[in-house]
Amino acid sequence: MKTLSCGLLLLTLSAHASASVVMNNTRVIFPSDKESVNVQLINKSAEGHLVQSWVDNGNPNEKPENLRLPLAVVPAVVKIGAGDGQILTVVKSNLAAALPADRETLFWLNFIDIPPQPKDKRGNFIQFAVRNRVKVFYRPAALNVRQIDVQNHLQIKREGNNACVNNSSPYFITAAGLSNIQKGSQKDNLLKKTLLIKPFSCAPLDNSIAYVSKKQTWLTYLDDFGTLRTVSIPVI
């Protein structure tokens, strides 16, 4: 889940923004045979917060009012009381019929946590709204590979001194780690950042030379529940 911090007076980016309104999920799976899926928001603050939500298809800078997508979220704007929860419902339109039937499609669920203005306004203050983006995987119901079997469809593919992570499955893979050591620590992680591998694609690796003489490596990825799983994959 990505977090952006937006000042109401100044737009800024923050990797350490702290939101009062949080989502229980780290990702959303939308099966194509469903008309909608629910996600839960919780307001951990002692005050009520306003929340605006929408779905985008990968461009975080696109204005919600300009988007016309197969998925939408309701309610788009809601106030969540102190310590309360709120269900957001992601719904699909007839545009979903045009989405690929042989692979997942990636969308993003956005929600902006807008805090109340301070009660004492006599001094200067800057008010921040925290924006979160959560992956939404639209998953066709008739895929010919089970999600729990994706490790059998992953490999490091070499060509000269170049290498990539080949994903022959219909699922998006979020790789958090790649190591030549089975139980390596963070310092053994050869990925500089999380790698999102599209279905039926090969994602290039920056440090390809590390795999040239190897026969296998260990990849750590996030499953449907946001749990880290480490599997052995071949180097070919």
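Any read-out appearing in this document is the output of simple, stated calculations on the displayed coordinates, not a laboratory observation. This structure is a prediction, so every number in the text was calculated from the model and none was measured. Cβ sites come from the backbone with ideal geometry, for glycine too, and all protein chains shown count toward neighbours.
Report note on the peptides 49-59, 152-162: ranked by the mean count of other C-beta atoms within 10 Å, highest first, their order is 49-59, 152-162. For the stretch 162-206, applying the loop criterion from DSSP together with a ceiling of 16 other beta carbons within 10 Å to the chymotrypsin sites (Phe, Trp or Tyr not before Pro) yields Phe200. Between Val74, Ile197, Thr89, the Cα set farthest toward the positive side of the dipole of the chain (charges on each charged residue's Cβ, about the Cα centre) is that of Ile197. Here the Karplus curve 6.51 cos²θ - 1.76 cosθ + 1.60, taken at θ = phi - 60°, turns the phi angles of the stretch 61-66 into couplings of 8, 6, 6, x, 5, 9 Hz, with x standing for Gly and Pro.
By its C-alpha gyration tensor, with a ≥ b ≥ c as the square roots of the eigenvalues, how is the stretch 147-234 shaped: rounded for a/c under 1.5, else prolate for a/b larger than b/c, else oblate? Since a/c reaches 1.5 but b/c is at least a/b, the shape of the stretch 147-234 is classed as oblate. Once the Cα-Cα distance is subtracted from the 0.36 nm per residue extended length, the Gln40 to Leu106 segment shows a gain of 21.8 nm. Here the calculated FRET efficiency for Arg146 and Arg68, from their Cβ-Cβ distance with R0 = 30 Å, stands at 0.35, rounded to the nearest 0.05. Each residue of the stretch 148-162 was assigned a 3J(HN,Hα) from its phi angle through the Karplus expression (A = 6.51, B = -1.76, C = 1.60, θ = phi - 60°), giving 6, 9, 4, 4, 6, 10, 10, 7, 8, 9, 9, 8, x, 9, 9 Hz with x at Gly and Pro. Around the Cα centre of the chain, unit charges on the Cβ atoms of Lys, Arg, Asp and Glu (plus for the first two, minus for the last two) sum to a dipole of about 460 debye. Placing a pseudo-label 7 Å from each Cα along the Cα-to-Cβ vector at Thr89 and Ser201 gives an inter-label distance of 3.3 nm. On full extension, the segment bounded by Asn189 and Ala97 gains 29.1 nm, given 0.36 nm per residue less the C-alpha separation.
Annotation for the stretch 53-108: trypsin sites (Lys or Arg not before Pro) lying in DSSP loop with at most 15 further Cβ atoms inside 10 Å of their Cβ are Arg68. By the Kirkwood approach, averaging reciprocal distances over each pair of separate Cα atoms, the chain gets a hydrodynamic radius of 19.8 Å.
Taking amide H atoms as placed 1.01 Å from N in the peptide plane, the amide H of Phe172 lies under 5 Å from those of Glu104, each 5 or more residues away in sequence or on another chain. Under 5 Å between amide hydrogens, built in the peptide plane, is the criterion, and for Gly48 it picks out Ala82 among residues at least 5 positions away or on other chains. Under the combined filter of DSSP loop state and at most 16 neighbouring Cβ atoms within 10 Å, the stretch 47-80 retains these GluC sites (Glu not before Pro): Glu47, Glu62.
Derived scalar couplings between HN and Hα for the stretch 83-90 equal x, 8, x, 8, 8, 9, 10, 8 Hz in order, rounded to whole Hz, by the Karplus curve 6.51 cos²θ - 1.76 cosθ + 1.60 (θ = phi - 60°), x for Gly and Pro.
Relative to the current alpha-carbon distance between Val235 and Lys214, full extension at 0.36 nm per residue lengthens the span by 6.9 nm. With a Förster radius of 22 Å applied to the beta-carbon distance between Ile29 and Leu50, the computed FRET efficiency rounds to 0.20.
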